[in-house]
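The next block holds one structure in the form of structure tokens; read it before the comments.
The values are calculated or read from the model by the stated rules, or taken from the named source; none is laboratory data. Note that the structure is a prediction, hence the values are computed from the model and not measured. Every residue, glycine among them, receives a Cβ derived from its backbone with ideal geometry; neighbour counts consider all protein chains shown.
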Amino acid sequence: MSVLVFVESKHGKVSKAGFQAVTYGSKIGEVTAVTFGDVDPSVLGEYGAKKVLLHKGLKEANDQQSTRLVVEAVKETGADIIVFSKDQAGKAIASRVSAALEAGLASGAIALPVTDNGFVVKTNVFSGKAFANVKIKTDKKIISLIPNSFPAEKVGGTAEIVEVSYDLGEAGVKVLELKTQGEGVPLPEAEIVVSGGRGLKGPENWWMIEDLAKTLGAATACSRPVADIGWRPHHEHVGQTGLAIRPNLYIAAGISGAIQHLAGVNGSKTIVVINTDPEAPFFKAADYGVVGDAFEVLPKLNEAVKKFKANQ
Amino acid sequence: MKLLVCISKAPDTTSKIAFTDNNTKFDENGVQYIVNPYDEWYALVRALELVEAKGGTVTTITVGTSADDATIRKALAIGANDAVRIDTEAKDAYYVAKQIAEYAKDKGYDIVLTGKETINYNGAQIGGMIAELLDMPYVSLAEKLDVDGDTAKLERDVLGGTEVVEVKLPFALSAAKGMAEQRIPNMRGIMAARKKPLQVVPPVDVEPLTEVISYEMPPAKSACKYIDPDNMDELVELLHNEAKVI
């Protein structure tokens, strides 16, 4: 089967979720990746792409132009399956391409398609509290893959690079400015996340979260009340009405674990919960629990991780 | 300004998630439906703020049966001028988007607003599909929206930061946290909502592209392993050797 994978690039770099999508696609069929901008796309070959279509004229993931790029690439390659990463840009572009091609979209895939009875993809629904098996009924099929649900694998191949210059039309949305979130790891891509709740008592205590995150190379996050009272920015809020994340390791300090918070993090591979209250509901969802005061436990954990890293 | 806000119902965030009919249907037993929070708190409230400041109308649109009328009245109580319900069960995202696009295409809406996703299906598909079907620019995951004449300025969530963008009307957007604050309807709003027009429109013929054939619950978590707060070396050791995550 011929698979087309859309890979976003930013500031001359291919996104990490893009590598995961290429690996995912290569398990289904022969992958052609399509990307844009000033990137060296040969790295995509290492993750299993046989061919890369590169549009240098497109500089950012504008959804109208990216949609045309994908539609043209589908025409050129005759792809049966189109894979996106379900990140910020992918959400917009996958749904536009679905409507443009009248091709069914399984949004939020967490596993490979099963084809013994039609074409069925397991997706996350109810904010991770359940899965839906979605059957795609059209000839062309679109899958958007939740970042971090499928690890990127280096297979060490090389891809043929083909520059394309399709007419992508006008960009209706003009970007005036990009405000970056600083040097830290972007939360949706992070493999380790350290998160704090109201139990930390105030924004002035966040250095404990930040220190541990720095030692672990982790991103920082928070619960909804913390974002609502303005201790932390909204983009750090994980939970049902915030961001849903799937890191390898989620460390929660001073968060009781309301059902709405769990919905955003229960896709994490390993969950560590630190709370003074042994009855906190979060312990039921945790792999490892520490019943103790975050103000004492977090600095101790930070020291223990530092010691561990020094001996590596 | 003529604004169209897409409203969907969703189970209350505290609902117990369970399935019936051999795991093919969501178990609605005891479930309280609310207006999907992203549609209500952010898209609808910001639309109302804009017309309050600059004049215009806010119409809500819903694809659903009469079972959806209670949530539609809630949106009217918060302040929408009128509502449209396309009288059919929502079958899949494309089916819903196509119904809305067919209704909206010749009505001259300046902005079509959706929530960034529903909290039950998390598809994040409707806004982009409507934009494509109406051939409009689309600003997804918008956290701020201001309109000046025929131009809108928005901030939106992108990989690694926030983008400030500009777009000419008409366009579509999906609203995320930060765009507005939740509004609680007052008694006057609730009374007024009863008399506001709710137009019921027949659906157009659309073939859904996908179908949910079954649901599953995630596997049960094994019991939590407790570690002494004075022994963080043990936790690090377990994270390294057992969980293999550091």
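Okay, here's what the table says:
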quantity	calculated
Unique residue being at pLDDT 95 or above, in a helix (DSSP H, G or I) and within 30 Å of B:Tyr42 (Cα to Cα) when the list is A:Ile209, A:Ile255	A:Ile209
Selection status of A:Tyr250, aromatic (Phe, Trp, Tyr) and facing chain B (nearest Cβ under 7 Å)	no
One residue from B:Lys9, B:Lys25 being over 19 Å from B:Asn81 (Cα atoms) and charged (D, E, K, R)	B:Lys25
Lone qualifier among A:Gly128, A:Gly157 - being of a type outside the set (A, V, I, L, M) and at the interface with another protein chain (Cβ under 10 Å from one of its Cβ atoms)	A:Gly128
Neighbours by Cβ (under 7 Å, 6+ apart or cross-chain): first from the range A:277-306, in contact (Cβ under 8 Å) with a residue 60 or more places away in the chain and assigned by TED's automatic domain parsing to the domain that holds A:Thr220; second charged (D, E, K, R) and part of a helix (DSSP H, G or I)	A:Asn302/A:Asp211
Residue check, A:Lys75 within 8 Å of chain B (Cβ to nearest Cβ) and surrounded by fewer than 21 Cβ atoms within 10 Å (Cβ to Cβ)	no
Verdict on A:Phe308 being in a helix (DSSP H, G or I), at the interface with chain B (Cβ under 8 Å from one of its Cβ atoms), in contact with a His (Cβ under 8 Å, 6 or more places away or on another chain) and at negative phi	yes
Test for B:Leu44: is it closer than 30 Å to A:His261 by Cα, within 12 Å of the chain's Cα centre (by Cα), in a helix (DSSP H, G or I) and modelled with pLDDT of 95 or more	yes
Unmet criterion (only one of (1) over 29 Å from B:Ala192 (Cβ atoms); (2) modelled with pLDDT of 95 or more; (3) among the charged types (D, E, K, R)) for B:Lys74	(1)
A:Gly217, sole failed condition from (1) at pLDDT below 95; (2) in contact with a helix residue (DSSP H, G or I) (Cβ under 9 Å, 6 or more places away or on another chain); (3) of a type outside the set (Lys, Arg)	(2)
Unique match (being more than 17 Å from the chain's Cα centre (by Cα) and either charged (D, E, K, R) or over 26 Å from B:Glu143 (Cβ atoms) (or both)) among B:Lys9, B:Lys74, B:Lys16	B:Lys16
Considering residues of the range A:110-146 that are part of a strand (DSSP E or B) and of a type in the set (Lys, Arg) only, the residue nearest to B:Thr13 (Cα to Cα)	A:Lys122
Any hit, the range A:185-194, residues being farther than 23 Å from A:Ser149 by Cβ and either part of a loop (DSSP other than H, G, I, E, B) or outside the structural domain of A:Lys16 (by TED's automatic domain parsing) (or both)	no
B:Asn241 polar (S, T, N, Q), more than 10 Å from chain A (Cβ to nearest Cβ) and either within 30 Å of A:Ala294 (Cα to Cα) or more than 25 Å from the chain's Cα centre (by Cα) (or both)	yes
Residue within the range B:215-231 that is of a type in the set (S, T, N, Q) and within 23 Å of B:Ala90 (Cβ to Cβ) present	no
Complete set of residues in the range B:136-189 that are among the hydrophobic types (A, V, I, L, M, F, W, C) and either in a loop (DSSP other than H, G, I, E, B) or away from chain A (no Cβ under 11 Å) (or both)	B:Met136, B:Leu145, B:Val147, B:Leu159, B:Leu169, B:Ala175, B:Ala176, B:Met179, B:Ala180, B:Ile184, B:Met187
Qualifying positions in the range A:167-184 - within 16 Å of A:Arg232 (Cα to Cα) and either in contact (Cβ under 8 Å) with a residue 24 or more places away in the chain or in contact with a helix residue (DSSP H, G or I) (Cβ under 7 Å, 6 or more places away or on another chain) (or both)	A:Gln181, A:Gly184
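For every residue, the table says whether it meets (1) surrounded by fewer than 16 Cβ atoms within 10 Å (Cβ to Cβ); (2) over 14 Å from B:Val112 (Cα atoms).
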| residue | (1), (2) |
| --- | --- |
| B:Leu159 | no, yes |
| B:Val165 | no, yes |
| B:Leu169 | no, no |
| B:Ile184 | yes, yes |
